[in-house]
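Participant: Dropping a structure here in structure tokens format, bear with me for questions.
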Amino acid sequence: MAGKPERTSGKRPERASAGKPEGRRTGGSAAGQPEIRKVRKPAVSPKKPDRVPAKQAAPVPPKTNAAPDADAPARLTWKPGTIEAPLPPVLVTCGTMDAPNALTIAWTGIVNSDPALTYISVRPERYSFEIIRKSGEFVINLPVTSLLSAIDYCGVRSGRDDDKIRRLGLTLLPGETVKAPVVAESPVNLECKVKKELPLGSHHMFLAEITAVRVDPAYIDEKGRLALEKCRLVAFAHGQYFALGKVLGSMGFSLNKKGSSRPPRKKTGR
């Protein structure tokens, strides 16, 4: 019919966008024109979310460049005090087998090796002070956990009106070099004779020579060594008692080879 364009085919030619081909040319068509075929992009699977660990680490606080507080002291300064620790809360016996007494002393220690010298510091108002001053003898009984209740009791109760040894049921043995008794429940006993008394202020120090060391054979090992680590010794620090027992090393261990507990041997020439 006049006025209408003649249709040549049922499909319209696809338009290519300017400057961007939509497909690739593969072969010619019947009309001699290259056939344009669309290329499908490969399907992309959705990205899986990262796995969240069962236990997430705590967030790290951001670093700041703030200067440290200039007013914060590196150390606190206190008034002078007796905070040196640990100390042995030894059970000191004095008097005789017929009239014994016991008191607890923490101000004690070794002051010399040869001759073996020790000391105890006692307040003059203590009942045992005059006994030790007159007799010039006493025994230091090392503290152990089995004696802890007796150690604490003898440190807070006076022997003026209390027979502490009988009340506590302590077993006494006669001394070898002194008249003062030895406490059998203690693994090690140091028999001492006073050499000098030094008035220091709140306490008087009795400087004494160790005249004998008594040892419970139950704590001697097969090599003849005193196994103090098995005695369950007690330490005193700032008003509290602590149990000892774990061996951390032997004297000179810092010079030993790794894994060795013996001191290094000196090299000798042949």
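The values are calculated or read from the model by the stated rules, or taken from the named source; none is laboratory data. On a predicted model such as this, the values are computed, not experimentally measured, just so you know. Cβ atoms come from the backbone with ideal geometry, glycine included; neighbour counts cover every protein chain shown.
Participant: Going by the structure shown, is residue 110 free of Cβ contacts under 8 Å to residues at least 60 places away in the same chain and under 19 Å from residue 165 (Cα atoms)?
Facilitator: no
Participant: Please verify whether the stretch 215-234 includes one or more residues that are of a type in the set (Gly, Ala, Ser), modelled with pLDDT under 95 and surrounded by 12 or more Cβ atoms within 10 Å (Cβ to Cβ).
Facilitator: yes
For every residue, the table says whether it meets (1) among the acidic types (Asp, Glu); (2) more than 30 Å from residue 82 (Cα to Cα); (3) part of a strand (DSSP E or B).
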| position | (1), (2), (3) |
| --- | --- |
| 153 | no, no, no |
| 158 | no, no, no |
| 195 | no, no, yes |
| 198 | no, no, yes |
| 210 | no, no, yes |
| 224 | no, yes, no |
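Participant: Filter the stretch 141-150 down to the residues that are crowded, with 23+ Cβ neighbours inside 10 Å and closer than 19 Å to residue 119 by Cβ and list them by number.
Facilitator: The answer is 141, 143.
Each row is one residue, and each column tells you yes or no for (1) modelled with pLDDT of 95 or more; (2) part of a loop (DSSP other than H, G, I, E, B); (3) out of contact with any strand residue (DSSP E or B) (no Cβ under 6 Å at 6 or more places or on another chain).
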| site | (1), (2), (3) |
| --- | --- |
| 61 | no, yes, yes |
| 73 | no, yes, yes |
| 76 | no, yes, yes |
| 85 | no, yes, no |
| 93 | yes, no, no |
| 102 | yes, no, no |
| 111 | yes, no, no |
| 128 | yes, no, no |
| 146 | yes, no, yes |
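Participant: Name every residue in the stretch 164-192 that is surrounded by 17 or more Cβ atoms within 10 Å (Cβ to Cβ) and part of a strand (DSSP E or B), in order of residue number.
Facilitator: Correct list: 172, 182, 183, 188, 189, 190, 191, 192.
Participant: Read through the list (1) more than 16 Å from residue 104 (Cα to Cα); (2) touching a residue at least 24 places away in the same chain (Cβ under 8 Å), then give the number of the only condition that residue 180 fails.
Facilitator: Against the list (1) more than 16 Å from residue 104 (Cα to Cα); (2) touching a residue at least 24 places away in the same chain (Cβ under 8 Å), residue 180 comes up short only on (1).
Participant: Of the residues in the stretch 193-208, how many are hydrophobic (A, V, I, L, M, F, W, C) and surrounded by fewer than 16 Cβ atoms within 10 Å (Cβ to Cβ)? Spell out how you get there, then give the answer.
Facilitator: Just the residues of the stretch 193-208 that are hydrophobic (A, V, I, L, M, F, W, C), to begin with: 194, 198, 200, 205-208.
Those left that are additionally surrounded by fewer than 16 Cβ atoms within 10 Å (Cβ to Cβ): 198, 200.
Count: 2.
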